[in-house]
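Here the structure comes first, spelled out in structure tokens, and everything after it is commentary.
The values are calculated or read from the model by the stated rules, or taken from the named source; none is laboratory data. Please read all numbers here as calculations on a predicted model, not as lab measurements. With ideal geometry, Cβ positions are generated from the backbone for all residues, glycine too; neighbour counts draw on all protein chains shown.
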Amino acid sequence: MMVFRRLLLLLIPLLLAACGFQLRGEAHLPAEYSPLHIEAEDLSAADRALLRAELERAGATVADGPNGVNRLWVRLQPRALRGVASSSLGSVSLWRVELRLEYGIDDASGAPLRGPRSLDESSRVELDDDNPLTARRRLDQAEWRLRQALIRRLVFDLQRP
């Protein structure tokens, strides 16, 4: 059994290399974007902190003030709920939660460097219509996960040429 494990541990990297898999290394934001001032009134304080941390992790310098620096503007549209299905026998319904984030980068003079662009995320949520408190909490949790995903996608999108 121990020999099988060792053999398996040796084969996995070889199989990954054979299929063309390779680590990309660290991705960084283009240098012309830094320093950035974030304007994101639609985001919560926690979301703005996550955005700042993700930008800094990607190599951006985030400025506290808007004077003389590039401006990253972010707008989060209110969540949209779309009914997908409901049960005629019970009180369970399936909903799609959708969020859209729009963003762009303007230079210090106001000329656009990137964007405007939009990113969309959605998730399906099963809700118990007889329990509105739990339903509300599940919707809020789904929206929170979507906001986190959109922020990470925004930074990833900025890293691409």
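Results, tabulated for the structure shown:
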item: Of all residues making up the stretch 125-145, the number that are of a type in the set (S, T, N, Q), farther than 18 Å from Pro78 by Cβ and part of a helix (DSSP H, G or I); result: 1
item: Qualifying residue in the stretch 137-147 (condition: modelled with pLDDT of 90 or more and within 16 Å of Ile38 (Cβ to Cβ)); result: yes
item: Selected residue (criterion: nearest to Asp42 (Cα to Cα)) from residues of the stretch 152-161 that are free of Cβ contacts under 8 Å to residues at least 60 places away in the same chain and either outside any helix (DSSP H, G or I) or not basic (Lys, Arg) (or both); result: Asp157
item: Matching residues, the stretch 79-122, being more than 16 Å from Arg138 (Cβ to Cβ), in a strand (DSSP E or B) and of a type in the set (D, E, K, R); result: Arg100, Glu102, Asp106, Arg114, Arg117, Asp120, Glu121
item: Only listed residue being more than 22 Å from the chain's Cα centre (by Cα) and of a type in the set (Ser, Thr, Tyr), chosen from Ser123, Ser91; result: Ser91
item: Test: residue in the stretch 99-107 that is out of contact with any strand residue (DSSP E or B) (no Cβ under 9 Å at 6 or more places or on another chain) and touching a residue at least 60 places away in the same chain (Cβ under 8 Å); result: no
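Condition check ((1) under 30 Å from His28 (Cβ atoms); (2) crowded, with 17+ Cβ neighbours inside 10 Å; (3) without any contact (Cβ under 8 Å) to a residue 12 or more places away in the chain) across all residues:
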{"position": "Asn70", "(1), (2), (3)": "yes, yes, no"}
{"position": "Ala85", "(1), (2), (3)": "no, no, yes"}
{"position": "Trp95", "(1), (2), (3)": "no, yes, no"}
{"position": "Pro112", "(1), (2), (3)": "yes, no, yes"}
{"position": "Glu121", "(1), (2), (3)": "yes, yes, no"}
{"position": "Ala135", "(1), (2), (3)": "no, yes, yes"}
{"position": "Leu150", "(1), (2), (3)": "yes, yes, no"}
